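Quick notes on the structure that follows.
What follows is calculated from the coordinates using simple rules that are stated; it is not laboratory data. Keep in mind it's a predicted model, so treat the numbers as computed, not measured. A quick note on method: Cβ atoms are made from the backbone with ideal geometry, for glycine too, and the neighbour counts reach across all protein chains shown.
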Amino acid sequence: MLQLASIFLMVFLAELGDKTQLATLLFASERTHHPFLIFLAAAGALVLSTALAVLLGSYGARYLGMLPLKLIAGIGFIAIGSWSVLEHFRGA
């Protein structure tokens, strides 16, 4: 149960203020639809996108488990950071 609460909290905090939430806020501010309908549409979209992520993650774990993903992601971040620093000094 504690693990589920942790997942809920992390996803909830990650979603606060993101572009999806801002888009939903803008739809609600237009007042062209009832707020509950906007809530249902946005909640449905988030549930569907989360379902796809869980499905892909559970099936992908079979193949991605063999790859050192943290190492690959770390190298990617270092490469992007290095490129950004070089571009700064090149005056771009």
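Helix 69-90 sits at what angle to the longest principal axis of the chain, using alpha carbons and giving 0 to 90 degrees rounded to 10? The angle comes out near 80 degrees. Helix 2-15 and the longest principal axis of the Cα set of the chain meet at an angle near 90°.
When you count the other C-beta atoms within 10 angstrom of each residue and take the mean per peptide, 57-67, 31-41 line up highest first as 31-41, 57-67. Helix 19-29 and the long axis of the chain differ in direction by around 20°, with both axes built from C-alpha atoms. Between 49, 29, 82, which gets the highest mean-square fluctuation from a Gaussian network model of the chain, Cα cutoff 10 Å? The residue that fluctuates most here is 82.
Rounded to whole Å, the principal axis extents of the Cα atoms in region 2-67 read 50, 23, 18, largest first. Computed over the chain with a Gaussian network model linking Cα atoms closer than 10 Å, the most mobile of 53, 28, 73 is 73.
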